[in-house]
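Take a look at the structure set out below.
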Amino acid sequence: DAALWTWRDESFLPHARQGAAGLDPARQPILLTEAPGNPNGAQALFLIDGAEPGSLDGYERACVVFDGRDEAALDKARSQWKQAKAAGVAASYWRESAAGKWEKQA
């Protein structure tokens, strides 16, 4: 949350945290939450810190973001990949190269 508010003025992303006083989730282009569901009708779901996706109904895309240098995070992401593939989800895997570019791996 803090990084989205303070990173750089030109890179600000309008967002809110679920549970904030007076918040109408349906009006938020980006909603930070730990709760299941899709209260803002988002097209994309970003999962961090090993979060489980729950139902992906209504999403066009789900992205699992993890630190590939962290063995526990890598194991968790591998498990999520296997679950997605077993469920018939069209999954792809991207990795950052040494040059800092994203390259599709699978």
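Taking a cut-off of 17 Å between Cα atoms, list the aspartates and glutamates near residue 76, but don't count ones fewer than 8 places away on the same chain.
49, 52, 67
Which whole-Hz ³J(HN,Hα) couplings does the stretch 69-76 yield from phi under the Karplus relation 6.51 cos²θ - 1.76 cosθ + 1.60, θ = phi - 60°, glycine and proline marked x?
Rounded to whole hertz, the list is 8, 9, 4, 5, 5, 5, 4, 4.
If I compute solvent accessible area with a 1.4 Å probe over the protein chains, what percent of it on the chain is carbon and sulfur?
It is 52 percent, rounded to a whole number.
Using Cα-Cα distances under 8 Å and only pairs 6 or more residues apart, what relative contact order does the chain have, in percent?
The normalised contact order for the chain reaches 13 percent.
Counting only residues 5 or more places away or on other chains, whose amide H sits under 5 Å from the amide H of residue 62 once H atoms are built in the peptide plane?
Amide H to amide H, under 5 Å and 5 or more residues apart or across chains, residue 62 pairs with 45.
At a probe size of 1.4 Å, how large is the accessible area of residue 6, to the nearest 10 Å²?
100 Å²
On a C-alpha basis, how far is the centre of the stretch 49-72 from the centre of the stretch 1-34 in Å? Whole number, if you could?
Result: 19 Å between the Cα centres.
Kindly provide the helix-only [θ] at 222 nm of the chain, computed as the sum of -39,500 (n - 2.57) over DSSP H runs of four or more divided by all residues, to the nearest 500 deg cm²/dmol?
That comes out to -6000 deg cm²/dmol.
Name the residues whose placed amide hydrogens come within less than 5 Å of the amide hydrogen of residue 30, ignoring near sequence neighbours (fewer than 5 apart) on the same chain.
Result for residue 30 returns 16.
Highest mean first, how do 76-83, 64-71 rank when packing is the count of other Cβ atoms within 10 Å averaged over residues?
Peptide ranking by packing, descending: 76-83, 64-71.
With every protein chain left in place, what is the accessible area per residue of the chain in square angstrom, probe 1.4 Å?
79 Å²
Based on the alpha-carbon gyration tensor of the chain, what equivalent-ellipsoid semi-axes (square roots of 5 times the eigenvalues) come out, in whole Å, largest first?
Output for the chain: semi-axes of 26, 19, 13 Å.
The values are calculated or read from the model by the stated rules, or taken from the named source; none is laboratory data. The structure displayed is predicted, hence computed values, not measured ones. Ideal geometry is used to build each Cβ from the backbone, glycine not excepted, and the neighbour counts take in all protein chains shown. Accessible surface is based on the protein model in full, side chains and every heavy atom, while ligands, DNA and RNA are left aside. Shrake-Rupley method; radii C 1.70, N 1.55, O 1.52, S 1.80 Å.
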